[in-house]
Structures are given as C-alpha cells and as structure tokens.
Amino acid sequence: GENVEQHPSTLSVQEGDSAVIKCTYSDSASNYFPWYKQELGKRPQLIIDIRSNVGEKKDQRIAVTLNKTAKHFSLHITETQPEDSAVYFCQGMTTDSWGKLQFGAGTQVVVTP
Amino acid sequence: SQTIHQWPATLVQPVGSPLSLECTVEGTSNPNLYWYRQAAGRGLQLLFYSIGIDQISSEVPQNLSASRPQDRQFILSSKKLLLSDSGFYLCAWSGGGPDTEAFFGQGTRLTVV
C-alpha cells in the first residue's frame, strides 16, 4: 500500500515570504503527485500536479518539485499573499487492486500581513 | 464536462435521528467514489470508497453506512446519529486509474445536537 506523510502540519509565514510543504511516499511505482488547496469552509481543489517524468513544474507563484530517488515531492509558494492562507493536501494512491486515493494529513498555512 | 453534486450543504440533526447524504456525478461513467469526513481544522478521514455498484469498502468502524444504488450515485447513511458524527462531509470521485486526481463535492456541514 501507500503511506503519504506530510509536513509540517502548520506553517505560519510573513506575507511576501516563501512557504514549502513536503510529502513523502512509500511506493516507488507512484507516478502522479497532485496538490490541493482547501479554503475555509470550501472543498479541496487541485492547484498543481506533477508526473514522474519531470522534476519540477511551475504555475505562477506555485511550484511542485519531485525527487523520485528520495520519494518525496514538495509544494513551493513564493511571494505569499493573505489569500494563500488555507489547508494544503498532497495525494498519493495505494497500489491495492482498488487504487484507493489517500491524502496527506494536511498543512494549515497562515500568511500574516 | 464532469460535475459532482452533493447535498444538502448544511444539516442540523438531533442525536438519534437518521441521516442520508447524497452525491451524484455527471459526465463520466464507472467513477471511483469516496466519502470523507473532516473535523474542524483537521485532515480528510476516508470513510468509504467504491469502485462499482455494490463494491464498497468501509475504512473506519462506525455507525455510518454507504450504498451505491447506481453507477454515479453514492449515499452516506446512518440509522442513529451520535454527537461525534458532527463534521464536514465530502464526497469525491476519481477516474480510477493510477494517475488520477480527485474531484470533490461542495461538502455537507453536519451538526448533531
């Protein structure tokens, strides 16, 4: 199966600084690594993803990096803004026959002005 | 395009009353379906997931049950609610392949009083 460990559980950053969240996974066969953002009272939504054939992907102020050797992938948010305050989840998947999705425990990001 | 509908958005129920939350998916066939519960400020606790009609796996022992009467319909039920059943319930679907993201419903805020 797949265990997805996410750190840190909370992250407080000053506006304009960078935030980094890291997830580690156990299954070397994993090929897809998405990140979700959940604003207060809302549903989680995909913000960026990466596949195993690339090491980094950027979309404006957010980026995801993948280290397949070390089995971890990270979400990077640069020039943080108050609207970046949310809970962020990484996703993994078990390799059982049902392909169940699993999520990291989540990181509460608080951007202070 | 695919859409997911979950209702109701909010619900206040007395202890001991029954529960029925419904989730439907449009625009896709044979989706993997999931029910998650989220306590305030916490992670996504997987309750049930299903890869097909009458193929449902229960992840956590509890007084909740799930049914999938149709391919794109997933129902979460309880015969008698407990105070501890309060939380934010999220339905989600995925394509079921190894490289797939999750799409979440709007969520149901359940308060048991």
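Results for (1) part of a loop (DSSP other than H, G, I, E, B); (2) away from chain B (no Cβ under 11 Å); (3) over 29 Å from B:Asn32 (Cβ atoms), shown as yes or no for each residue.
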| site | (1), (2), (3) |
| --- | --- |
| A:Ser12 | no, yes, yes |
| A:Trp35 | no, no, no |
| A:Val54 | yes, yes, no |
| A:Val64 | no, yes, no |
| A:Ser74 | no, yes, no |
| A:Phe89 | no, no, no |
| A:Gln102 | no, no, no |
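Among the listed residues A:Leu46, A:Leu11, identify the single one that is touching a residue at least 40 places away in the same chain (Cβ under 8 Å) and aliphatic (A, V, I, L, M).
Working: A:Leu46 fails: touching a residue at least 40 places away in the same chain (Cβ under 8 Å).
Going through A:Leu46, A:Leu11 in turn, the sole match is A:Leu11.
Conditions first: (1) touching a residue at least 24 places away in the same chain (Cβ under 8 Å); (2) in contact with a Gly (Cβ under 6 Å, 6 or more places away or on another chain); (3) small (Gly, Ala, Ser). B:Gly43 passes all but one, so which condition is the exception?
(1)
I'm checking my understanding of the structure. Among residues of the stretch B:104-113 that are under 18 Å from A:Gly41 (Cβ atoms) and open to solvent by 30 Å² or more (accessible area, probe 1.4 Å), which one is nearest to the other protein chains (Cβ to nearest Cβ)?
Pass one, the stretch B:104-113, residues under 18 Å from A:Gly41 (Cβ atoms): B:104-111.
Still in the list and also open to solvent by 30 Å² or more (accessible area, probe 1.4 Å): B:106, B:109, B:111.
Numbers: B:Gln106: 6, B:Arg109: 8, B:Thr111: 13 Å.
My answer is B:Gln106.
For (1) within 14 Å of chain A (Cβ to nearest Cβ); (2) outside any strand (DSSP E or B), each residue gets a yes or a no:
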| site | (1), (2) |
| --- | --- |
| B:Ser1 | no, yes |
| B:His5 | yes, no |
| B:Thr24 | no, no |
| B:Trp35 | yes, no |
| B:Gly41 | yes, yes |
| B:Ser57 | yes, no |
| B:Ser65 | no, no |
| B:Arg68 | yes, no |
| B:Ile75 | no, no |
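Within the stretch B:85-102, how many residues are within 9 Å of chain A (Cβ to nearest Cβ) and either touching a Gly at 6+ places or on another chain (Cβ under 9 Å) or under 16 Å from B:Ala66 (Cα atoms) (or both)? Even if it seems obvious, please write down each step before you answer.
Kept after step one, since they are within 9 Å of chain A (Cβ to nearest Cβ), are these residues of the stretch B:85-102: B:88, B:90, B:92, B:94, B:96-102.
Subsequent filtering for residues that are either touching a Gly at 6+ places or on another chain (Cβ under 9 Å) or under 16 Å from B:Ala66 (Cα atoms) (or both) retains B:88, B:90, B:92, B:94, B:96-98, B:100-101.
Number of matching residues: 9.
If only one of A:Glu56, A:Glu79 is over 30 Å from B:Ile53 (Cβ atoms), in contact with a strand residue (DSSP E or B) (Cβ under 9 Å, 6 or more places away or on another chain) and surrounded by fewer than 22 Cβ atoms within 10 Å (Cβ to Cβ), which one is it?
Numbers: A:Glu79 fails: in contact with a strand residue (DSSP E or B) (Cβ under 9 Å, 6 or more places away or on another chain).
Going through A:Glu56, A:Glu79 in turn, just one is over 30 Å from B:Ile53 (Cβ atoms), in contact with a strand residue (DSSP E or B) (Cβ under 9 Å, 6 or more places away or on another chain) and surrounded by fewer than 22 Cβ atoms within 10 Å (Cβ to Cβ): A:Glu56.
The values are calculated or read from the model by the stated rules, or taken from the named source; none is laboratory data. The structure presented is a predicted model; accordingly, all values stated were derived computationally and were not measured. In this analysis, Cβ positions are derived from the backbone assuming ideal geometry, glycine residues included, and neighbour counts consider all displayed protein chains. SASA here: full protein model, heavy atoms, side chains in, ligands and nucleic acids out. Shrake-Rupley method; radii C 1.70, N 1.55, O 1.52, S 1.80 Å.
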